[in-house]
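Visitor: I'd like to ask you about the structure that follows.
The values are calculated or read from the model by the stated rules, or taken from the named source; none is laboratory data. The model shown is predicted, which means the values in this text are computed figures rather than measured ones. Glycine also receives a Cβ, built like all others from the backbone with ideal geometry; neighbour counts cover every protein chain displayed. All accessible areas refer to the heavy atoms of the entire protein, side chains included, with ligands and DNA or RNA removed. Shrake-Rupley method; radii C 1.70, N 1.55, O 1.52, S 1.80 Å.
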Amino acid sequence: MLYAFGFERVGVVVGDLYFVNPRAAHGQEGAEHGVRLELRLLDRGALKGSAYSAQPIEIGQPVWRADLLESVDGPPGSFDRTHHHPAFTGWEPGRRVYVADMSGDPFGWLGAYLADLDGLLAAAGFPADVAGPGDAESLRAAAPEIVAVTRRLLEKVRSGELGHPPADKASDVVRAGWL
């Protein structure tokens, strides 16, 4: 499942995820599932028809990622694989950064991070002007709703409704989800 929150030039996408890290660090082996959230740049494409035509929307380059993940074989609520990626190089995320506050209070941590768009952009190496003039305030106002969606998706993963392994068992990629 994928949720998208769009503002002027930035947006947040949130989805369920099942993932097996092919280069897992010691102690991080095995499947993980949960919710992935990304701050992305948005772009409006040219209309493809009349003034009444649908607006093309690009959910573009990633800026920052938060992964509220847990071991599939571990206890629900452990947040034992919860981390974030403060920056990307193009489309590739930087290293996983584990933060005790993020595992201890992931939803509070997430809300606080989303409330600081300028800090997120700066930490990711983006100039402040990639965001629209109202993006910081819009994101701050929407942060509680984004956190609520993240919480609901995680509950669906834990209940077994979402966050399943890929249906194609022959695939080399052991990842399922939009993000």
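Visitor: Taking amide H positions as placed in the peptide plane 1.01 Å from N, state which residues far from ILE57 in sequence (5 or more) or on other chains have amide H under 5 Å from it.
Guide: Placed amide hydrogens put GLY45 under 5 Å from ILE57.
Visitor: Where the convex hull is taken over the Cα atoms of segment 1-102, what is its projected area averaged over directions, in nm²?
Guide: Details: hull surface 32.7 nm².
Mean orientational projected area (segment 1-102, Cα hull): 8.2 nm².
Visitor: Turning to a different aspect of this structure: Using a 1.4 angstrom probe with every protein chain in place, what is the largest-first accessible-area order of HIS33, HIS84?
Guide: Working: HIS33 35, HIS84 5 Å².
Sorted by accessible area, descending: HIS33, HIS84.
Visitor: Top to bottom by accessible area (1.4 Å), largest first, where do ARG44, ARG140 land?
Guide: Numbers: ARG44 160, ARG140 105 Å².
In descending accessible area the options line up as ARG44, ARG140.
Visitor: State in Å² the accessible area per residue of segment 63-136; use a 1.4 Å probe, count heavy atoms of protein chains only, and round to the nearest integer.
Guide: Numbers: 3350 Å² over 74 residues.
Value for segment 63-136: 45 Å² per residue.
Visitor: Carbon and sulfur: what percent of the chain's accessible surface (1.4 Å probe)?
Guide: On the way: 5130 of 9440 Å².
Using a 1.4 Å probe with all protein chains present, the chain comes out at 54 percent carbon and sulfur.
Visitor: May I ask you to order 106-113, 142-149 by the average number of other C-beta atoms within 10 Å around their residues, highest value first? Mind dumping the intermediate values first?
Guide: On the way: 106-113: 18.0, 142-149: 16.5.
So the peptides 106-113, 142-149, ranked by packing, come out 106-113, 142-149.
Visitor: Let me ask something else about it. Which three extents, in angstrom, do the Cα atoms of segment 20-68 have along their principal axes, listed largest first?
Guide: 56, 18, 17
Visitor: Next up: Once the Cβ-Cβ distance between ASP101 and ALA54 is put in as r, and R0 is 41 Å, what FRET efficiency do you end up with, to the nearest 0.05? Mind showing how you got there, number by number?
Guide: Values: r = 41 Å, r/R0 = 1.01.
For R0 = 41 Å, the calculated efficiency reads 0.50.
Visitor: Also: Leaving ligands, DNA and RNA out of it, work out the accessible area of SER103 with a 1.4 Å probe and give it in Å² to the nearest 10.
Guide: Solvent-accessible area, nearest 10 Å²: 40 Å².
Visitor: Now for a different question. With n ≥ 4 as the cut-off for DSSP H runs, can you work out [θ] at 222 nm for the chain, using -39500 (n - 2.57) per run divided by the number of residues, rounded to the nearest 500?
Guide: Values: 4 runs with 46 residues, N = 179.
Computed mean residue ellipticity for the chain: -8000 deg cm²/dmol.
Visitor: Hey, can you rank 69-82, 47-60 by average C-beta count inside 10 Å, highest first? Each step should come with its number before you reach the end.
Guide: Working: 69-82: 16.4, 47-60: 9.9.
Averaged packing, sorted descending, gives the order 69-82, 47-60.
Visitor: So, one more: Give the accessible area for TRP91 in Å² (nearest 10); use a 1.4 Å probe, count only protein heavy atoms, and leave out ligands, DNA and RNA.
Guide: Per-residue accessible area (TRP91): approximately 150 Å².
Visitor: Work out, in µm²/s and without decimals, the Stokes-Einstein translational diffusion coefficient of the chain at 37 °C, 0.692 mPa s, Rh from Kirkwood over C-alpha pairs.
Guide: Working: Rh = 17.0 Å.
Translational diffusion coefficient: 193 µm²/s.
Visitor: Turning to a different aspect of this structure: Just add up the charged neighbours of VAL14: K/R +1, D/E -1, any other residue whose Cβ is under 14 Å from the Cβ of VAL14.
Guide: So the environment of VAL14 carries a net charge of +1.
Visitor: Shifting gears a bit: Compare MET102, MET1 by solvent-accessible area with a 1.4 Å probe and give them largest first, with all protein chains kept in place.
Guide: Numbers: MET102 0, MET1 85 Å².
Output order, biggest surface exposure first: MET1, MET102.
Visitor: Have a look at ALA124, HIS84, SER159 and report the one farthest towards the positive end of the charge dipole of segment 67-179, computed about the Cα centre with Cβ charges (Lys/Arg +1, Asp/Glu -1).
Guide: Toward the positive end, the furthest listed residue is SER159.
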